[in-house]
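Encoded as C-alpha cells, the structure appears first; notes follow it.
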Amino acid sequence: MNPSRSDFRVCTEFSYEKRPVRHGYNMRTLKVELGGAVFTEKPVPAEMKQKFVGGKGFGLRLLWDAVNPSTKWNDPENAIVIAMGPLCGNTNYPGSGKSLVVSLSPMTDIPIDSNVGGYFGPYLKFSGWDALELTGKADRDIIVYIDGDEGRVQILEVPEGLESDTHILAYKLTCAFATSEDDRQHVAVVSAGRGAEHTPLGLLNFSLYDRRRGGCRVKQAGRGGIGTVFRDKKIKALVCRFSGLTNDENNAADPATVQRLGLKLHREIQKNDNGQSKMRRQGTAHLMEVMNDYDLLPVQNHRFGSDPRGPELASWVWEKYFTQGLPDGCWYGCTLACAHAVDQFELKTGPYRGQKVCVDGPEYETAAGCGSNLAIWDPEGVLEINFYCDTYGIDTISFGTITGFLMECWEYGILNEVRTGGISLEWGDWRSACELLHQMAEGRGFGMIASRGTKYLTQYFAANFGADPRLMKDIALQGKGLEQSQYISKESLAQQGGYYLTNKGPQHDEAWLIFMDMVNNQIPGFEDKAEALHYFPMFRTWFGLQGLCKLPWNDIEPADNAKWPEANKVPEHVQNYCEMYTAITGEPLSKEELIRQSERVYNFQRVFNLRMGHGRREDDYPPYRAMGPVTEKEYLSREERYDRQLKEKMGLEPTSMPLPEKMAATRKWREKQYESLVDAVYKRRGWTMDGVPKLDHLAEIGMDLPELCDVAGKYQ
C-alpha cells in the first residue's frame, strides 16, 4: 500500500510549548508510556546535566530510573532511550549528527548503547527534546509521530497492510508525512524490520532522505538487539518532522568560534583525505587491504588474519561499486562524507530477487564480517547480505560472527544438512548464508536456532550434537553475550582488553589499539596498556555524550600530526573538541575534564551492570580464539611467530616440543598475560580486582551518588 497522512488514525496526542534550544540543550526530555498512551515532559535537573552531559549519559540515567534489578529486556518497564547531546546537530563541524540509543539488551541482559547517524536524532532535538524515552508496550502496532513544526506528539494506529522491511517502510512513511516532495528531506524515520520481530539481533534503522537519489538512506543502531525491543513494544516506526533547520540551531554561546573550527576541519578534509584514508571515496572500507596486509583481517571465523584472495574485497573494489561524486554525509555539513552506497544493485535471492535497490555500504565491519570472515570473496555476495541485513533489521556484525562460527562447526562435522534443515554451510557459500539470513528474518527453520547467538549455540551444540564444550567455548567469538566485531585480536593483548574489558561486550567503539600495540610496539608494558585502556575508552565515550562521530577525530589528521607528542591522540583535534564544547555550551572544558566527563558515565554504566547481576571479573574474559591459536591449523599458519615467542618470551626450546605441547604452553602464557592485563586495567580505572568501581574512586570523580554506592558497596 501507499499510505497518505490521513490513513494513520490518531489514537492520542500531546501538544507542547515550542521553544528554541539554548547553548545545545532543551533541558527537557519526553517520556512516552506506550501501554497507557501517556506523555510526560520531564525537566533535566542541573545535576543530571552536570554528571551525565547528554547522549549516552542521559540515556543511561533515564534507563536506570525506568528499570529495576529484575527487569528483563521484554518487560514493559524496559525503556528505549534515544538521546543526543549538546554538540549534536550543529552543521558547521563534520560528524555532528549522531544520536545514542540505549536499552536493556536481549543478547546480554545489561544496558547496550549504540551510536547512529541519520536525521532523526538532530530533528528530535530541534523539535524540543534532549531525549525520547519509550516505555511500556502497545497492544497493536503503532507509530509515534513528533511534529517539531507544530509542537505536537501523536500515537498513530498503523493501517493494515503496511510493510515492515525498512527500505519500503522508511520511504513510504517519509512520503506520507511530508507535505510535498521538497519536504521529504525534513522527515526522518526510525524502523526495524521483520528480522527484528523474529530474532534477538534486531537493529534500528535511522533514515535520511537523499534528494539526489530520490529515496531514503538508512544508518544503523546496530548492536545488542535494540530493534528487537522496539518491535516487542509494538512500535512500527518513529517519525519526526522538522523543517526549520538553520546553521545555528543549537543557539551556540559563541557561534563565530563554532564556524571557525568547522571551516578549519573542512579545509583539512578537502586537502588531506585523498592522501590519508580516502573516506570520501571509499568510506571505512578503505581498511580492508590494510588489515589483510597486517594479518588483522578476520578470515574463517577469525582463525586467520589474511588471505591471498584479500584483494578481491579491497578498498579499490568497493570504490568502483560506490556511486561517486555525491555528498554522502549522514548529517548536513559533514564533508568527510563516508556514508557511501551502491545504487541499482540487482538482488539475486530472497523476497526481492530481481529488484534493483540501493545498498547502504558496506562499511568495513560488514565487508570483513560478512565477507572475509565467511571466506566470501565475491563482493556482490557481501552486498546481498548487507542489503538484507539492513532491510530486515539484523545486525551485520553479529550475523557475520554467528555465521562464521556455524561454518567452522560445519567443517568439523558438528553440523550437517540434516541438522541445518538442508542448508550447506560451506566456507564461501554466500547463497547459503543468505538462506540462513532469510530464515532468521522469517522465523523459520534452522535460522531460528542460529539467530539465538553464539553464546546460546555453544551450549545447544554440546547438548544436542555432541560437540566438545571446550572447543565450542573457545571458538565462539562473544563476550557478555555480544558477538565480537571484526578485528583479529589474538596478536594484540591490548586489543583483547579493548574488546573484552568493555562494559557492553566486544564492540570496536571503545578502543582500537592494534597498531599502537602489535605493529608499532608503543605500549609494551602492562601499565602502558592499562593507561591506553583507560584513556581511549574514556575519550571515545565522550563522542557518545556529545552526539558526535569519531571518524573526523583520527580518520583524517592534520598534515603535521606525526611531529606532536602522543600523535595517536591527534592532539590538535582534541583541542578542537574542547573549544567546540565551550563555544556551544558556554562552559569551559579542559582536556582533563573531557576525560572526567566520560569517566563519570563509564563508571555509572559499570555499576549499572552490577545492578543487573553482571559486571564483575568473571564477565570480562575472552574466548580463547580472541587470545591465541585454538587449533593446530591456526598454530601452523603462524608457526614461525609462535615458535619465536616460545623461545624469546617463555624461555622454551620449540624444536624439541611436539605441536600439542607448544600449543598448551602458548595458551598458558597468553592466559596469564591477560590476567596481568586485567589487574593493571582495573587498578588504573580505580576498580577492585573483581572489576567493581571503588567507593573512594566514585567519590573522587563526583559519582558517589547514593544509588551507585548502594550497589557497588555490596561488592567492596
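Tabulated data
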{"item": "Distance from region 133-185 to region 471-507 (C-alpha centre basis), Å", "result": "37 Å"}
{"item": "Using θ = phi - 60° and Karplus 6.51 cos²θ - 1.76 cosθ + 1.60, couplings along region 639-656 (whole Hz; Gly, Pro as x)", "result": "4, 4, 5, 5, 5, 5, 5, 4, 6, 7, 9, 10, x, 10, 9, x, 5, 9"}
{"item": "Relative contact order %, region 624-701, counting alpha carbon pairs below 8 Å whose residues are six or more apart", "result": "22 percent"}
{"item": "Assigned charges on the beta-carbon of Lys, Arg, Asp, Glu; region 5-241 dipole about Cα centre (debye)", "result": "680 debye"}
{"item": "Value of relative contact order over the chain, rounded to a whole percent, pairs C-alpha under 8 Å and six or more apart", "result": "14 percent"}
{"item": "Dipole in debye (nearest 20) - the chain, about Cα centre, beta carbon charges: Lys, Arg +1; Asp, Glu -1", "result": "580 debye"}
{"item": "Proximal lysines to K455, defined as alpha-carbon separation beneath 23 angstrom and excluding residues fewer than eight positions away on the same chain", "result": "K72, K473, K480, K490, K504"}
{"item": "Overall Cα dimensions of the chain - principal axes, largest extent first, Å", "result": "79, 57, 53"}
{"item": "Global size of region 5-241 as Cα Rg and Dmax, reported in angstrom", "result": "16.2, 48"}
{"item": "Residue (of Y624, F543, Q220) at the positive-pole extreme of the chain, dipole from beta-carbon charges", "result": "F543"}
{"item": "Whole-Å semi-axes of region 532-639's equivalent ellipsoid (Cα gyration tensor)", "result": "33, 24, 10"}
{"item": "Set of lysines with alpha-carbon distance to K563 below 26 Å, sequence-local pairs under 8 removed", "result": "K264, K271, K278, K529, K550, K591"}
{"item": "Alpha-carbon centroids, region 588-603 and region 61-122: separation in whole Å", "result": "19 Å"}
{"item": "Region 522-572 versus region 254-293: alpha-carbon centroid distance in Å", "result": "16 Å"}
{"item": "Whether region 277-483 is rounded, prolate or oblate, judged on the alpha carbon gyration tensor where a/c under 1.5 counts as rounded", "result": "prolate"}
{"item": "Proximal lysines relative to K236, as straight alpha-carbon distance under 19 Å, when same-chain residues fewer than 8 apart are discounted", "result": "K31, K137, K172, K219"}
{"item": "FRET E, pair E618, E527, Förster distance 22 Å, beta-carbon r, rounded to 0.05", "result": "0.40"}
{"item": "Ranked V678, V81, criterion: other C-beta atoms within 10 Å, fewest first", "result": "V678, V81"}
{"item": "Highest average packing first - 344-351, 579-586, Cβ atoms within 10 Å", "result": "579-586, 344-351"}
{"item": "Value at 222 nm in deg cm²/dmol, rounded to 500, when DSSP H runs of n ≥ 4 in the chain each add -39,500 (n - 2.57)", "result": "-12000 deg cm²/dmol"}
{"item": "Contact order normalised by residue count of region 277-483, Cα under 8 Å, 6+ apart, percent", "result": "17 percent"}
{"item": "Calculated FRET efficiency for the pair R444/V38, C-beta based, R₀ 25 Å, to 0.05", "result": "0.10"}
{"item": "Likely footprinting exposure, I112, I475, I269, I701, fewest C-beta neighbours within 10 Å first", "result": "I701, I269, I475, I112"}
{"item": "Zone residues, region 412-452, relative to K72, backbone N less than 16 Å from point 7 Å out along Cα-to-Cβ", "result": "452"}
{"item": "Ranking of C358, C11 by count of other Cβ atoms within 10 Å, fewest first", "result": "C11, C358"}
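No value in this document is a laboratory result; all are computed from the given coordinates. Every value quoted in this text rests on a predicted model; they were computed, and no experiment measured them. Neighbour counts are summed over all protein chains in view; Cβ atoms, including those assigned to glycine, are modelled from backbone coordinates with ideal geometry.
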